[in-house]
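**Student:** I am attaching a structure below and will ask some questions about it afterwards.
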Amino acid sequence: MQVIHPSTAANYFHLLRCQTRRSFRKPLVVVAPKKLLRFKGASSKIEDFVTGTRFQPIIEDSNENAVPDTKMRKIILCSGQVYFDLEERRARDNNNDVAIVRVESICPFPFKEISG
């Protein structure tokens, strides 16, 4: 069984594509509010849909002004709309020493990707 909380259009696309191309049926629960379907921050670039791209169980922090990894004060794991709320707050408060990582796959939990 998979429980997924996609936060980008490209990840949602790759998730559905993988689900339909499997040779076996696996239960899939998608926890995605309708708000993200039209939310500008959840849109994806066309390059995210091309051949060679795939579903990402985690999406690393994309803050361009972030401090080096050795000086990070906190790492926050979140998913869905919570990421966009935290990102807005971080930009407003100018907290560049906090990394926000999106966990897209709730079950199975991506332990290997997070620890590696």
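**Student:** Restrict the check to the range 44-53 and report whether at least one residue is closer than 21 Å to GLU113 by Cβ, over 16 Å from the mean Cα position of the chain (by Cα) and among the small types (Gly, Ala, Ser).
**Tutor:** yes
**Student:** Just to check your reading of the model, which residue among GLU87, GLU60, GLU47, GLU64 is charged (D, E, K, R), touching a residue at least 40 places away in the same chain (Cβ under 8 Å) and over 23 Å from GLN2 (Cβ atoms)? Steps first, please.
**Tutor:** Details: GLU60 fails: over 23 Å from GLN2 (Cβ atoms); GLU47 fails: touching a residue at least 40 places away in the same chain (Cβ under 8 Å); GLU64 fails: touching a residue at least 40 places away in the same chain (Cβ under 8 Å).
Being charged (D, E, K, R), touching a residue at least 40 places away in the same chain (Cβ under 8 Å) and over 23 Å from GLN2 (Cβ atoms) holds for just one of GLU87, GLU60, GLU47, GLU64, which is GLU87.
**Student:** Between ALA10, ALA42, which is surrounded by 10 or more Cβ atoms within 10 Å (Cβ to Cβ), touching a helix residue (DSSP H, G or I) at 6+ places or on another chain (Cβ under 6 Å) and modelled with pLDDT of 90 or more? Spell out how you get there, then give the answer.
**Tutor:** Values: ALA42 fails: modelled with pLDDT of 90 or more.
Result of the check over ALA10, ALA42: ALA10.
**Student:** Now for a separate question. Please work out which residue is nearest to LEU15 (Cα to Cα), limiting yourself to the range 74-96 and to residues that are among the acidic types (Asp, Glu) and exposed (fewer than 14 other Cβ atoms within 10 Å of the Cβ).
**Tutor:** Filtering the range 74-96 down to residues among the acidic types (Asp, Glu) leaves 85, 87-88, 93.
Filter again for exposed (fewer than 14 other Cβ atoms within 10 Å of the Cβ), leaving 85, 88, 93.
Working: ASP85: 23, GLU88: 26, ASP93: 34 Å.
Once the filter is applied, the top-ranked residue is ASP85.
**Student:** Give the residues of the range 15-38 that are within 20 Å of CYS78 (Cα to Cα) and surrounded by 15 or more Cβ atoms within 10 Å (Cβ to Cβ), sorted by residue number.
**Tutor:** LEU15, ALA32, LEU36, listed by residue number.
**Student:** Right, something else. Restricting attention to the range 67-84, and to residues there that are polar (S, T, N, Q) and under 21 Å from ILE4 (Cβ atoms), which single residue is nearest to the chain's Cα centre (by Cα)? So that I can check it myself, show each step before the final result.
**Tutor:** Initial filter on the range 67-84 (polar (S, T, N, Q)): 70, 79, 81.
If we keep only those that are under 21 Å from ILE4 (Cβ atoms) too, we end up with 79, 81.
On the way: SER79: 6, GLN81: 10 Å.
Only one residue fits best here, namely SER79.
**Student:** Something else: For residues that are free of Cβ contacts under 8 Å to residues at least 40 places away in the same chain and out of contact with any helix residue (DSSP H, G or I) (no Cβ under 9 Å at 6 or more places or on another chain), scanning just the range 97-116, find the one that is surrounded by the most Cβ atoms within 10 Å (Cβ to Cβ). Walk me through it before giving the result.
**Tutor:** Within the range 97-116, the subset free of Cβ contacts under 8 Å to residues at least 40 places away in the same chain is 97-100, 109, 111-112, 115-116.
Narrowing the set further to residues that are out of contact with any helix residue (DSSP H, G or I) (no Cβ under 9 Å at 6 or more places or on another chain) leaves 109, 111-112, 115-116.
Numbers: PHE109: 13, PHE111: 9, LYS112: 9, SER115: 6, GLY116: 6.
Applying the filter and picking the extreme gives PHE109.
The values are calculated or read from the model by the stated rules, or taken from the named source; none is laboratory data. Note that the structure is a prediction, hence the values are computed from the model and not measured. Reconstructed Cβ throughout: ideal geometry from the backbone, glycine too, with neighbour counts over all protein chains shown.
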